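J.: Can you read through this structure? Questions will come right after.
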Amino acid sequence: MGNIVLLDELTINQIAAGEVLDRPANAVKELVENSIDAGSKHITIEIKNGGKELIKVTDDGSGIKKDDLLISFERHATSKIRKVEDLENTYTMGFRGEALASIVAVSKVTMVTKTAEDELGSKVVAESGEVLKVEEVSCNTGTSISVNELFFNTPVRYKFLKQDFTEFRYIREWVEKTAMANLDISFKLINEGKIVFSSNGNGNIHDIVYAIYGKQTEEKIVDVDFKEDDIRITGIVGNTLLADKTRKNQIIFLNKRNIKDKIVENAADQAFNANIGIGKKGFFIINIEMPAGEYDVNVHPTKNEVRFKDESKIYKVVYSALKSSLLSKEFLGDNSQEQLESKINYINNEFGFLTNHFGNKKDNYSEKMKADIELIHRETDRKIEYKFVGILFKTYIIIELDNQMYLIDQHAAHERILYEQIRANYKDNLKNNSQMTLIPELINLTHKEFEFVKENLELFQNIGFELEPFGDNTVKVSGFPDIEYRKKINNREMFLDILDEMTGNAKSNFKTVEERFIATVACKAAVKAGMDLTAEEVDTLIQRLLKLQNPYTCPHGRPTTVKFNKNEILSL
Ligand SMILES: Nc1ncnc2c1ncn2[C@@H]1O[C@H](COP(=O)(O)OP(=O)(O)OP(=O)(O)O)[C@@H](O)[C@H]1O
Ligand SMILES: [Mg+2]
């Protein structure tokens, strides 16, 4: 890192500065980010009284050169950029040159620091923004900064601090997050003399997730590692059981900086859609690695908001990264090259499906897409060998496969299978996807239902219903979607169930009417819990399910399958 200089007036004015330090966790953040920027491998954070009495951050980074000591406490003094344009290729957490100055202004600071070249280090004592003493000391390479009595000279701010344990909780949450983004740094957090969190810096995110969230969570996550052009996304995503009502378990880093971002959140929602329950938010922790020139962090002094230059690209890559991990979860079936390729095709198809808004399907679904879809279909010819154990409560199919026991929910599984089928047909704009009935059914509807049918005739037709309005509140249905039906399902009842659902006020996850409609048809056409299935029907269901790209949940997010491994059962 170069020398520390004062930024010129123009640059100062171009930088989103002026962040106020309003609680101990902010000071911890600034100090630790400086340690990270200094290339540290070990960072220790010691806290007393929720950080009000003491915050001490010790690192083994580059240290500060003797010449730079005093200027480092000045406002707008930084070694990290010279001009605002430098931000285009700056990857450090800091760049405003104001953190140390604002901490020193409201506390009593002692800094001990030494670079590798120097024999002896220096100790600087400062208070209320003034340097009181500088002396040579012998110490290790790196920097240690103690912040004592934060806000001692700003009583109003001090008064607004919360209880020690609350302030400490903010600190702890921030340190844990930061450790998840900086897997190659070993962090240690000490509260009142006791180590309360540590990470080993071995690069393994599973270890940290285990340490922070526990075993139950760690078992339900899958790795994310996805690259497209110059964007790489790494991290983890949790399965449907980890989904939550809030976004608290959605942690986003951009080049290791924790950010909040609507585009990333929306892309994630889309990827989780049809994989988790209604109204739930998926669990993920990701780091987006991309050239600094592709976004702007100079938006807000806290730097936790950014502006992406190409928003649709970031949307697509985040979506693809999460989706491919959600599908990769080692389920049944294999992960051969062939599987992998067809998975990527599936994701691209689905993405196209979601973003094409169903307008001019013919243009959007090119020949290549068609070929991809065929590939997926061909892949499904292989027969999967499993041992059929039985059916529980006329609802759960039990099978044994590869030392695992699976409980397959017959309704959820069938629903997922039909959903994929209907959607593929819809997407291809398949003609002749109707099964004609011998005698057309005349079905009486409520006024609301009738209006819905009239307004959405095309939707019905695209899915394979042949129907036309037939007088007041009556439709004539002469064909039903040609998807795998169970004879047990009555056509007329199914049709009415679909309308009931579509015209009701139930909460729904689906963004578009089309998507909701497809999911509803799948649900109403699927076998229900409590229906008897023949051995052959069971086998067809299992074979189809196991070959799906996305067999894990029904479109509404209910798991299709629960899996127990042999060891788990033996150790009961
Ligand atoms: N732990 C540290 N190790 C090495 N150098 C440090 C350390 N802490 C601070 N510095 C030096 O002091 C300078 C000022 O730090 P300060 O945090 O005030 O500004 P910054 O990190 O450049 O920008 P920002 O205000 O955005 O954090 C840094 O640019 C860096 O050169
Ligand atoms: Mg800084």
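J.: Quick test of your reading of the structure: GLU127 fulfils all but one of (1) touching a residue at least 24 places away in the same chain (Cβ under 8 Å); (2) more than 16 Å from ligand 2 (Cβ to nearest atom). Name the failing condition by number.
T.: (1)
J.: Answer with yes or no whether ALA506 is of a type in the set (A, V, I, L, M), surrounded by fewer than 13 Cβ atoms within 10 Å (Cβ to Cβ) and free of Cβ contacts under 8 Å to residues at least 12 places away in the same chain. Give the derivation first.
T.: On the way: of a type in the set (A, V, I, L, M): yes; surrounded by fewer than 13 Cβ atoms within 10 Å (Cβ to Cβ): yes; free of Cβ contacts under 8 Å to residues at least 12 places away in the same chain: yes.
When the stated conditions are applied, ALA506 passes them.
J.: Of all residues in the range 297-325, which are among the hydrophobic types (A, V, I, L, M, F, W, C) and within 30 Å of VAL20 (Cα to Cα)? If you could, list the steps in order and put the result at the bottom.
T.: Step one: of the range 297-325, the residues among the hydrophobic types (A, V, I, L, M, F, W, C) are 297, 299, 306, 308, 314, 317-318, 321-322.
The answer is VAL297, VAL299, VAL306, PHE308.
J.: What are the residues in the range 535-553 that are in contact with a strand residue (DSSP E or B) (Cβ under 9 Å, 6 or more places away or on another chain) and not in a loop (DSSP other than H, G, I, E, B), if any? Steps first, please.
T.: So the first thing to find is which residues in the range 535-553 are in contact with a strand residue (DSSP E or B) (Cβ under 9 Å, 6 or more places away or on another chain), and the list is 535, 538-539, 541-542, 545-546, 551-553.
Of everything in the range 535-553, those that are in contact with a strand residue (DSSP E or B) (Cβ under 9 Å, 6 or more places away or on another chain) and not in a loop (DSSP other than H, G, I, E, B) turn out to be ALA535, VAL538, ASP539, LEU541, ILE542, LEU545, LEU546, THR553.
J.: Being within 6 Å of ligand 1 (Cβ to nearest atom) and either over 13 Å from LYS303 (Cα atoms) or of a type in the set (A, V, I, L, M, F, W, C) (or both) is the filter here, so list the residues in the range 87-96 that pass it.
T.: First, pick out the residues of the range 87-96 that are within 6 Å of ligand 1 (Cβ to nearest atom): 94-96.
Result: PHE95, single match.
J.: Considering only residues that are open to solvent by less than 40 Å² (accessible area, probe 1.4 Å) and either within 11 Å of ligand 1 (Cβ to nearest atom) or in contact with a His (Cβ under 7 Å, 6 or more places away or on another chain) (or both), which ones fall in the range 72-86? Even if it seems obvious, please write down each step before you answer.
T.: So the first thing to find is which residues in the range 72-86 are open to solvent by less than 40 Å² (accessible area, probe 1.4 Å), and the list is 72-73, 77-79, 81, 84.
Within the range 72-86, SER72, PHE73, ALA77, THR78, SER79, ILE81 meet the criteria.
J.: Can I ask one more? From VAL112, VAL104, which residue is without any contact (Cβ under 8 Å) to a residue 40 or more places away in the chain, more than 34 Å from the chain's Cα centre (by Cα) and open to solvent by 30 Å² or more (accessible area, probe 1.4 Å)?
T.: On the way: VAL104 fails: open to solvent by 30 Å² or more (accessible area, probe 1.4 Å).
Result of the check over VAL112, VAL104: VAL112.
J.: Still on this structure, please answer the following. Among the residues of the range 65-75, is there at least one that is closer than 19 Å to LYS29 by Cβ, modelled with pLDDT under 95 and not in a loop (DSSP other than H, G, I, E, B)?
T.: The initial filter retains those residues of the range 65-75 that are closer than 19 Å to LYS29 by Cβ, namely 72-73, 75.
Filter once more, so that each one left must be modelled with pLDDT under 95: 72-73, 75.
Checking which are not in a loop (DSSP other than H, G, I, E, B) leaves us with 72-73.
Yes, the range 65-75 contains a residue that is closer than 19 Å to LYS29 by Cβ, modelled with pLDDT under 95 and not in a loop (DSSP other than H, G, I, E, B).
J.: Quickly run through the range 271-305 and pick out the residues that are open to solvent by 20 Å² or more (accessible area, probe 1.4 Å), without any contact (Cβ under 8 Å) to a residue 60 or more places away in the chain and outside any strand (DSSP E or B).
T.: Listed by number, the residues that qualify are ASN304, GLU305.
J.: Same structure, new question: Against the definition (buried (at least 17 other Cβ atoms within 10 Å of the Cβ), under 13 Å from the mean Cα position of the chain (by Cα) and touching a residue at least 60 places away in the same chain (Cβ under 8 Å)), how does ASN255 come out, yes or no? Reasoning before the result, please.
T.: Numbers: buried (at least 17 other Cβ atoms within 10 Å of the Cβ): yes; under 13 Å from the mean Cα position of the chain (by Cα): no; touching a residue at least 60 places away in the same chain (Cβ under 8 Å): yes.
It is false that ASN255 is buried (at least 17 other Cβ atoms within 10 Å of the Cβ), under 13 Å from the mean Cα position of the chain (by Cα) and touching a residue at least 60 places away in the same chain (Cβ under 8 Å).
J.: Then there's this: For LYS159, indicate whether it is under 14 Å from ALA38 (Cβ atoms) and either assigned by TED's automatic domain parsing to the domain that holds THR302 or basic (Lys, Arg) (or both).
T.: The answer is no for LYS159.
J.: Tell me which residues, restricted to the range 253-267, are charged (D, E, K, R) and not in a helix (DSSP H, G or I). Talk me through it step by step, then tell me what you get.
T.: Taking the range 253-267 first, the residues charged (D, E, K, R) are 256-257, 260-262, 265.
Selection gives LYS256, ARG257, LYS260, ASP261.
J.: Restricting attention to the range 130-138, does a residue exist that is within 13 Å of ligand 1 (Cβ to nearest atom), out of contact with any strand residue (DSSP E or B) (no Cβ under 9 Å at 6 or more places or on another chain) and free of Cβ contacts under 8 Å to residues at least 40 places away in the same chain? Please lay out each step first, then the result.
T.: Restricting attention to the range 130-138, the residues satisfying the condition of being within 13 Å of ligand 1 (Cβ to nearest atom) are none.
Among the residues of the range 130-138, not one is within 13 Å of ligand 1 (Cβ to nearest atom), out of contact with any strand residue (DSSP E or B) (no Cβ under 9 Å at 6 or more places or on another chain) and free of Cβ contacts under 8 Å to residues at least 40 places away in the same chain, which makes the answer no.
For (1) away from ligand 2 (no atom under 13 Å from the Cβ); (2) farther than 23 Å from ALA179 by Cβ; (3) among the charged types (D, E, K, R), each residue gets a yes or a no:
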site	(1), (2), (3)
THR58	yes, no, no
ILE71	yes, yes, no
ASP86	yes, yes, yes
MET93	no, no, no
VAL109	yes, yes, no
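J.: Let me ask another. Can you name every residue in the range 39-59 that is of a type in the set (Asp, Glu) and either in a strand (DSSP E or B) or surrounded by 20 or more Cβ atoms within 10 Å (Cβ to Cβ) (or both)?
T.: Quick first cut of the range 39-59, residues of a type in the set (Asp, Glu) only: 46, 53, 59.
GLU46, ASP59, listed by residue number.
The values are calculated or read from the model by the stated rules, or taken from the named source; none is laboratory data. Just so it is clear, the model here is predicted, and its values are computed rather than measured. Here Cβ is always computed from backbone atoms with ideal geometry, including for glycine, and neighbour counts include all displayed protein chains. Accessible surface is based on the protein model in full, side chains and every heavy atom, while ligands, DNA and RNA are left aside. Shrake-Rupley method; radii C 1.70, N 1.55, O 1.52, S 1.80 Å.
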